[in-house]
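Scroll down for the structure; my scribbles are underneath it.
The values are calculated or read from the model by the stated rules, or taken from the named source; none is laboratory data. This one's a predicted model, so the numbers in the text were calculated from it and none came from an experiment. When we count neighbours, we look across all protein chains shown, and the Cβ atoms used for this are built from the backbone with ideal geometry, even at glycine. Note: areas computed on protein heavy atoms with side chains; ligands, DNA, RNA excluded. Shrake-Rupley method; radii C 1.70, N 1.55, O 1.52, S 1.80 Å.
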Amino acid sequence: MNKSDSISVFQLILLSMTFIGLKTHVMLISPLIKTAGRDAWITVLLTCLLTLIWVPLLVYVNKKTNGEHLFQWMKKHMNKSFTNVVIFLIIAYLTIMEIATLRETITWINIIFLQRTPLIILVLLFGFTCCLLAATSMRTISIVNVFLLFFIVLLGFFVSFTNFQFKDYSLLQPVLENGYFPVIKSIVFQGSGMVELLLLLLLFLQHKVPQPIRYKHLAVAGILLTGLTIGPLIGAITEFGPVKASKQRFPPYEEWGIASLGKFIEHIDFLSIYQWLSGTFIRISTFLFIMKELVPFQKGHKRFLLLILVVITVCTLVPITDFTFSNLLFFTIIPATFWLFVAFSLFLVVIVFLISHKTRRDKSGIF
């Protein structure tokens, strides 16, 4: 491990709040309300419970791999060709998520604030900035994240308390008015955020954390992410009602739209720009950094990042309607993320168990 590029467990948890928080706090609110209605908050709590049950499996993998780079460990104990195929699939997935994140952000900016600015300018400027941060180190990304996250959280509490006057908590009732099925069905949305936390940050960055990662660390991260989701989710339902909130493209932004300071200071929704762009900045930069860590060559990382930037730019600017894109994102990409990574985590648990069992047998001389 390169100690100069290591981060603490605390920094990893803070990184997850921004990295995953953008997805759970912003991108997932709309599909959750559309699918589960006023009971979406039950889905979030249920997903948190399932996550706490699932966490020990990932802690087990982390312990048995001794915090080593996951794919370096796989190459030592498994077929290298198979490992390279897995790496290629992970890079393809990360690229898709970068495109989805950037497209969602640029669409929001273009609709709300910069209607006349060419999309290619926004994509290139933001993408190139993310590449610059990704080309540094994980410690640098973590330090930048700490400064950005402080104000993200501060603004989050600000809009929550400011809009308290508009909230009607009776809109959360009746509970389970449509039965259990919508609640169960929408678990895949919140679950897709949790699997990113446990797999992308724990397993793909575990070699950057010198301290042992314990159950309590991941439990705290999972609970914090649950809070980041349930806050704006309940806010959207209690402020607009489940029907109106389900029709909104960006419910968390709409909450900023009604925020005001007294009677004379309104239109403070520009503060949401900082929250969203900061989250996107850290999320895409971390994706790019993980990709840079996965590629086998030692030199040429900057060229690789620029190549990915070109791919992201071209795909982000594909002329499809926002309706088509949102359906593709919410009902194909996000559910696929959940199921694929759940399957991948179970695969890792089985492989690690078999290899560790074989290693013990070899050491004890039992054949």
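Checking each residue in region 80-90 for being of a type outside the set (Lys, Arg) and surrounded by fewer than 16 Cβ atoms within 10 Å (Cβ to Cβ) picks out 81, 82, 84, 85, 88, 89.
Restricting attention to region 117-136, does a residue exist that is in a helix (DSSP H, G or I) and either at pLDDT below 85 or of a type in the set (D, E, K, R) (or both)? Among the residues of region 117-136, not one is in a helix (DSSP H, G or I) and either at pLDDT below 85 or of a type in the set (D, E, K, R) (or both), which makes the answer no. Only one of the listed residues (320, 333, 268) is of a type in the set (A, V, I, L, M, F, W, C), surrounded by 14 or more Cβ atoms within 10 Å (Cβ to Cβ) and part of a loop (DSSP other than H, G, I, E, B). That residue is 268. Taking the numbered list (1) open to solvent by 80 Å² or more (accessible area, probe 1.4 Å); (2) within 14 Å of residue 294 (Cβ to Cβ); (3) not polar (S, T, N, Q) in turn, residue 120 passes all entries but (2). Among the residues making up region 184-223, those that are open to solvent by less than 10 Å² (accessible area, probe 1.4 Å), closer than 16 Å to residue 18 by Cβ and modelled with pLDDT of 80 or more are 193, 194, 196, 205, 221, 222. With respect to being in contact (Cβ under 8 Å) with a residue 24 or more places away in the chain and within 20 Å of residue 336 (Cα to Cα), residue 46 fits the description.
Pairs linking a residue in region 333-357 that is hydroxyl-bearing (Ser, Thr, Tyr) to a residue that is at pLDDT 85 or above, with Cβ atoms under 6 Å and 6 or more positions apart or on different chains, are 337/192. When the residues of region 44-66 are filtered to those that are more than 25 Å from residue 34 (Cβ to Cβ), open to solvent by less than 60 Å² (accessible area, probe 1.4 Å) and among the β-branched types (Val, Ile, Thr), the one that is modelled with the lowest pLDDT is 65. A single member of 164, 128, 181 is out of contact with any Cys (no Cβ under 6 Å at 6 or more places or on another chain), in contact (Cβ under 8 Å) with a residue 60 or more places away in the chain, surrounded by fewer than 14 Cβ atoms within 10 Å (Cβ to Cβ) and not acidic (Asp, Glu), and it is 128.
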